[in-house]
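Undergrad: One structure coming up, written as structure tokens, with questions to follow.
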Amino acid sequence: MSKTYYVTTPIYYPSGKLHIGNTYTTVLCDTLKRYKALRGYDTFYLTGMDEHGKKIETVANDRNIAPIDHVTEIAEETRALWDKLRISYDDFIRTTEKRHKTVVQKIFEQLLEQGDIYLGTYKGYYCMPCESFYTETQLDENNTCPDCGRETSQLEEESYFFKLSKYQKRLLQFIENNPDFITPETRKNEVVAFIKQGLNDLSVSRTTFDWGIKVVSNPKHVVYVWIDALSNYISALGYGTDQNQLFTKYWEGDEVVHVVGKDILRFHAIYWPIMLMALDIPINFKLHAHGFYMMKDGKMSKSKGGVIYPDTILKYYGLDELRYFLLRELPYGSDGVFTPETFVERINFDLANDFGNLLNRTLSMINKYFDGYIELNEEAETDFDKDLQQTIKDVIANYKENMNTLKISQALQEVWRLISRSNKYIDETMPWVLAKDEAKKNELENVLYHLVESLRHIGILLRPFLLEATPALFQQLAVEDQFTTWESMQFGDKKSYHVVKKPVPLFPRLDVEEEVNRLKEDISGKPKEEPVEETPEITIEDFVKLDIVIGQITECKTHPDADKLLVSQVNIGRGETRQIVSGIAKHYKPEELIGKKVLVIKNLKPVKLRGVLSSGMLLAGSNKETLEVITSEKLNPGDIVK
Ligand code: MSP
């Protein structure tokens, strides 16, 4: 019976369009699944959506639609995207599905009954504008929000807690006994250090919103996201139901791998194994936490612009170009950067030149010198041949080692080592010189046979990576299916080749300047139709509540503790000066503002922003590119605006 292999991606939040960062994880898992299938494993690949939580509820409310309609729309878009990318997932789980909910409810009740979950009080701080909760230690001085610097309000809420602390020792022991449980090593070290600081019990329910799975025994609580989300890995397999054949087969099978980004390492390396320990479910999985794809100027985020989407790449280039770039460019254990320049270079150098030309040159020569037909000729072996054969063997061994340890970029580098070696072999053996001497016909045939066999091996190694180019390669070399298997990777296994007459380039060469510009335009997100923001109607009574006056800026400095903020002294007439903190430092140097007559909301409740008092607000207008403080020319400090 074949060994089993179960691989999962994180389930994604339906909070926006998925970018190439999320695509990376999904493509990586797809490649792993295809590799294991090539090695004869019985595989199962799970992906899906994490659809509950306050944020999703808010996004749906903002769109004026029911949360379930919002998440269904995004789930359908996501599935369509994965289908377009030919992701070979076997199941797509959504946490709003009944099959998932019943399992989560059962798990929660069991943990409650066992006393691993208990009812307590959650103390936190809430920042209204950011809609985020913070613990006391996360806050800035004066208990202000660590993100925006505004005041937070303290909040006490009844909540269920999971006794993580009870399992701390056992978890450390487990990690020690299973040194390859978490890869890369550096991530494992982070996790161990974190556990050693001591684990706090985890709040696992909420009463302040509805969009979640209800706690059966106390339905005013919904299960807070992580117990809900993590359970997907087993609920999808039917754990806890009488339809649990997949659970028995894959979870309790031979290999289980959770692939996640470094951002959610802790949840998977700590909460998840502890949940499994508490439920007495075997911890069979290995955890791989990869780095992030960044844009040149920083992080990619679903809500921020300046991001590259897989659709863009697919619109202009092929699926294999996207897959190759993503898997090749992210180094093991660290972050990678997407830039239009590196993308175009990778296609031109690696795919079009090195790989594409090797195939082209080989096929052309076989057609030119042998009318398309060559055979293995064991007598004519040279030192160059032996070296090439040895490279093939070494590359296969290293590729295997790298794939098994999830060093995917290195596995690709190994294949390219064989491609380079084969190109060099052409230069060394100089077939065009051999062709001039009829007595060297055997030697020439042997050289071309070596090249074509090497290409067949390259094709097999690239099968999990390149979904369109490898069948095209095999078709041009006229390789029968039986010689495209892992087991057929023996030099000389296929004894003769009858190749196609006209080679077709696998990857067209790109015009660097044109393509770089095209991608840059797309990334910068040139003016697209912006949805008009709907704001609630107000009455004139609402408006007159605002006390807006002209003020003149007399002094301005950058905030001592926040790069984004400026602190201005503003003369608002009648001898009164106000100190106002504004988030405009990206658009103005302090000295540019001095002397400007601006519009000030005078009766806004004073707040401390990062420790500096702000009594009022400056009015400014903005669009995607810029922000401008609204100024007046003729009016004087204290004049009223209405
Ligand atoms: N819903 C949770 C996961 C729950 S799993 C039980 C979540 N979702 S998410 O939509 O934010 O997706 C997170 C995952 O997307 C990351 O862990 C990572 O795998 C992937 N990536 C998101 N941005 C990425 C990059 N910029 N680069 C690489 N991967 C990225 O967290």
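The values are calculated or read from the model by the stated rules, or taken from the named source; none is laboratory data. Note that the structure is predicted; figures quoted are calculated from it, not measured. Here Cβ is always computed from backbone atoms with ideal geometry, including for glycine, and neighbour counts include all displayed protein chains. Heads up: the accessible areas ignore ligands, DNA and RNA and are worked out on the full protein's heavy atoms, side chains in. Shrake-Rupley method; radii C 1.70, N 1.55, O 1.52, S 1.80 Å.
Undergrad: When residues of segment 414-441 are filtered for being within 24 Å of Leu461 (Cα to Cα) and open to solvent by less than 80 Å² (accessible area, probe 1.4 Å), how many remain?
TA: Final tally of qualifying residues: 11.
Undergrad: Follow-up. For Leu139, only one of the following conditions fails: (1) within 30 Å of Leu237 (Cβ to Cβ); (2) touching a Pro at 6+ places or on another chain (Cβ under 7 Å). What is its number?
TA: Of (1) within 30 Å of Leu237 (Cβ to Cβ); (2) touching a Pro at 6+ places or on another chain (Cβ under 7 Å), only one is false for Leu139: (1).
Undergrad: Then there is this: Could you tell me whether segment 149-160 includes any residue that is in a helix (DSSP H, G or I) and touching a helix residue (DSSP H, G or I) at 6+ places or on another chain (Cβ under 7 Å)? Steps first, answer last, please.
TA: So in segment 149-160, the residues in a helix (DSSP H, G or I) come out as none.
No, every residue in segment 149-160 fails to be in a helix (DSSP H, G or I) and touching a helix residue (DSSP H, G or I) at 6+ places or on another chain (Cβ under 7 Å).
Undergrad: Now, a different point. Which numbered condition trips up Arg206, out of (1) among the basic types (Lys, Arg); (2) more than 13 Å from the ligand (Cβ to nearest atom); (3) surrounded by fewer than 20 Cβ atoms within 10 Å (Cβ to Cβ)?
TA: It fails just one condition, (3).
Undergrad: Between Phe194, Phe209, which is in the same structural domain as Arg266 (by TED's automatic domain parsing) and closer than 30 Å to Asn61 by Cα?
TA: Values: Phe194 fails: closer than 30 Å to Asn61 by Cα.
Phe209 is the lone residue from the list that is in the same structural domain as Arg266 (by TED's automatic domain parsing) and closer than 30 Å to Asn61 by Cα.
Undergrad: Does Leu444 count as surrounded by 16 or more Cβ atoms within 10 Å (Cβ to Cβ) and closer than 20 Å to Leu506 by Cβ? Steps first, answer last, please.
TA: Numbers: surrounded by 16 or more Cβ atoms within 10 Å (Cβ to Cβ): yes; closer than 20 Å to Leu506 by Cβ: no.
The answer is no for Leu444.
Undergrad: Same structure again: Considering segment 322-350 alone, what residues qualify as being touching a Gly at 6+ places or on another chain (Cβ under 8 Å) and open to solvent by 10 Å² or more (accessible area, probe 1.4 Å)?
TA: If we filter segment 322-350 for residues that are touching a Gly at 6+ places or on another chain (Cβ under 8 Å), which is where we start, we get 329-331, 333-336.
Listed by number, the residues that qualify are Glu329, Pro331, Gly333, Ser334, Asp335.
Undergrad: Just the residues that are part of a helix (DSSP H, G or I) and among the polar types (S, T, N, Q), please, taken from segment 91-146.
TA: Thr102, Gln105, Gln110, Gln114, Thr137, Gln138, Asn142, Asn143 - these are the residues of segment 91-146 that are part of a helix (DSSP H, G or I) and among the polar types (S, T, N, Q).
Undergrad: Restricting attention to segment 154-173, does a residue exist that is over 30 Å from Val215 (Cα atoms), open to solvent by less than 20 Å² (accessible area, probe 1.4 Å) and among the aliphatic types (A, V, I, L, M)?
TA: No, segment 154-173 has no match at all.
Undergrad: How many residues are closer than 21 Å to Ala75 by Cβ and either more than 9 Å from the ligand (Cβ to nearest atom) or buried (at least 21 other Cβ atoms within 10 Å of the Cβ) (or both) if we restrict to segment 1-13? It would help to see each step written out before you state the result.
TA: Keep residues of segment 1-13 that are closer than 21 Å to Ala75 by Cβ, which gives 7-13.
Keeping just the survivors that are either more than 9 Å from the ligand (Cβ to nearest atom) or buried (at least 21 other Cβ atoms within 10 Å of the Cβ) (or both) gives 7-11, 13.
Total satisfying the criteria: 6.
Undergrad: Still on this model: Any residue in segment 541-549 that is on the phi > 0 side of the Ramachandran plot, in contact (Cβ under 8 Å) with a residue 24 or more places away in the chain and either among the acidic types (Asp, Glu) or surrounded by fewer than 12 Cβ atoms within 10 Å (Cβ to Cβ) (or both)?
TA: no
Undergrad: If I ask for residues that are free of Cβ contacts under 8 Å to residues at least 40 places away in the same chain and acidic (Asp, Glu), which ones from segment 320-375 would you list?
TA: The answer is Asp371, and nothing else.
Undergrad: Which of the residues belonging to segment 239-288 are within 8 Å of the ligand (Cβ to nearest atom) and either open to solvent by 10 Å² or more (accessible area, probe 1.4 Å) or outside any helix (DSSP H, G or I) (or both)?
TA: Within segment 239-288, Val259, Val260, Gly261, Lys262, Asp263, Ile264, Phe267 meet the criteria.
Undergrad: Taking the options Thr183, Thr208, Thr248, name whichever one is among the polar types (S, T, N, Q) and without any contact (Cβ under 8 Å) to a residue 40 or more places away in the chain.
TA: Among Thr183, Thr208, Thr248, only Thr248 is among the polar types (S, T, N, Q) and without any contact (Cβ under 8 Å) to a residue 40 or more places away in the chain.
Undergrad: Small (Gly, Ala, Ser), touching a residue at least 12 places away in the same chain (Cβ under 8 Å), surrounded by fewer than 19 Cβ atoms within 10 Å (Cβ to Cβ) and over 30 Å from Gly459 (Cβ atoms): does that describe Gly306? Outline the logic, then answer.
TA: Numbers: small (Gly, Ala, Ser): yes; touching a residue at least 12 places away in the same chain (Cβ under 8 Å): yes; surrounded by fewer than 19 Cβ atoms within 10 Å (Cβ to Cβ): yes; over 30 Å from Gly459 (Cβ atoms): yes.
Spelling it out, Gly306 is indeed small (Gly, Ala, Ser), touching a residue at least 12 places away in the same chain (Cβ under 8 Å), surrounded by fewer than 19 Cβ atoms within 10 Å (Cβ to Cβ) and over 30 Å from Gly459 (Cβ atoms).
Undergrad: Take the conditions in contact (Cβ under 8 Å) with a residue 60 or more places away in the chain, in a loop (DSSP other than H, G, I, E, B) and among the charged types (D, E, K, R) and apply them to Arg34. Does it pass?
TA: no
Undergrad: Run down Lys169, Lys196 and say which single residue is among the basic types (Lys, Arg), modelled with pLDDT of 95 or more and closer than 22 Å to Pro282 by Cα. Quick ask: steps written out before the conclusion?
TA: Numbers: Lys196 fails: closer than 22 Å to Pro282 by Cα.
Step by step, each of Lys169, Lys196 is checked, and only Lys169 is among the basic types (Lys, Arg), modelled with pLDDT of 95 or more and closer than 22 Å to Pro282 by Cα.
Undergrad: Every residue in segment 215-238 that is of a type in the set (Gly, Ala, Ser) and away from the ligand (no atom under 14 Å from the Cβ), please. Even if it seems obvious, please write down each step before you answer.
TA: Step one: list which residues in segment 215-238 are of a type in the set (Gly, Ala, Ser), which gives 217, 229, 231, 235-236, 238.
Ser217, Gly238 - these are the residues of segment 215-238 that are of a type in the set (Gly, Ala, Ser) and away from the ligand (no atom under 14 Å from the Cβ).
Undergrad: Being outside any helix (DSSP H, G or I) and within 11 Å of the ligand (Cβ to nearest atom) narrows it down to one of Gly16, Gly40, Gly21, so name that one.
TA: The match here is Gly16.
Undergrad: Quick check, is Thr4 in contact with a Gly (Cβ under 7 Å, 6 or more places away or on another chain) and either in the same structural domain as Leu265 (by TED's automatic domain parsing) or β-branched (Val, Ile, Thr) (or both)?
TA: yes
Undergrad: Restricting attention to segment 486-521, report how many residues are among the aliphatic types (A, V, I, L, M) and open to solvent by 80 Å² or more (accessible area, probe 1.4 Å).
TA: 1
Undergrad: Right, here's the next one. Show me the strands (runs of 3 or more DSSP E) entirely contained within segment 565-642 in which 2 or more residues are of a type outside the set (Lys, Arg) and free of Cβ contacts under 8 Å to residues at least 24 places away in the same chain.
TA: Once the strands (runs of 3 or more DSSP E) in segment 565-642 are filtered for at least 2 residues that are of a type outside the set (Lys, Arg) and free of Cβ contacts under 8 Å to residues at least 24 places away in the same chain, what remains is 620-622.
Undergrad: Asp387 passes all but one of (1) within 16 Å of the ligand (Cβ to nearest atom); (2) outside the structural domain of Ile182 (by TED's automatic domain parsing); which number fails?
TA: Just one mismatch for Asp387, condition (1).
Undergrad: If you don't mind, there's one more thing I want to ask. Checking the structure you have, find out if any residue of segment 303-321 is at pLDDT 95 or above and under 24 Å from Arg421 (Cα atoms).
TA: yes
Undergrad: Restricting to segment 21-78, name every residue that is among the acidic types (Asp, Glu) and either more than 25 Å from Ile234 (Cα to Cα) or surrounded by fewer than 23 Cβ atoms within 10 Å (Cβ to Cβ) (or both).
TA: Scanning segment 21-78 gives Asp42, Glu57, Asp62, Asp69, Glu73, Glu76, Glu77.
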